[in-house]
Amino acid sequence: MGPVNPGAGAPPVLPANELESLRAEAQVMEEQLRAINERIAGFKGEARSPMLVAAVDREMCVACDVCTAVCPVGAIHVNDVAEVDPNKCTGCARCVTECPRGALSLHARS
Ligand code: SF4
Ligand code: SF4
């Protein structure tokens, strides 16, 4: 069933079951994109840096999601603020370059 239009001028409302279905579809696509980006990173020789990992300054982060979009391996998730999974991060620095707030930086792995 398509979107329900409650009236002229009002935005269309999606039925709850269709919304859930779209969310599930989006999640599958996210996983596929992550897998593709991991393969691309592998072809580019972007092997995991044994030395560096990204970290977030929680005071600076505005949860804009830019970093999640640019991270090639899906190492960042944003809830209230961005969080980096050090087990996935390859230290490529893309998030550091793209964050509009300067909230990300690379640090030596401990
Ligand atoms: S790009 Fe920067 S400000 Fe935006 S969510 Fe990521 S860390 Fe936060
Ligand atoms: S440095 Fe940033 S963009 Fe690169 S893998 Fe780590 S979290 Fe992702």
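For Ala75, indicate whether it is closer than 17 Å to Ile40 by Cβ and at pLDDT below 95. It is false that Ala75 is closer than 17 Å to Ile40 by Cβ and at pLDDT below 95. I'm trying to understand the selection: among the residues of the stretch 55-71, which are in a loop (DSSP other than H, G, I, E, B), farther than 15 Å from Leu106 by Cβ and not aliphatic (A, V, I, L, M)? Hits for the stretch 55-71 are Arg58, Glu59, Cys61, Cys64, Asp65.
In the stretch 94-110, of all residues being at pLDDT 90 or above and in a loop (DSSP other than H, G, I, E, B), the one that is nearest to Ala54 (Cα to Cα) corresponds to Ala103. Of all residues in the stretch 71-104, those satisfying the criterion of being free of Cβ contacts under 8 Å to residues at least 40 places away in the same chain, more than 6 Å from ligand 2 (Cβ to nearest atom) and among the aliphatic types (A, V, I, L, M) are Val78, Val81, Ala82. The residues of the stretch 51-104 that are in contact with a strand residue (DSSP E or B) (Cβ under 6 Å, 6 or more places away or on another chain) and of a type outside the set (A, V, I, L, M, F, W, C), listed by number, are Asp65, Thr68, His77, Glu83, Pro86, Gly91.
The values are calculated or read from the model by the stated rules, or taken from the named source; none is laboratory data. Note that the structure is predicted; figures quoted are calculated from it, not measured. Please note: Cβ atoms are built from the backbone with ideal geometry, for glycine as well, and neighbour counts cover all protein chains shown.
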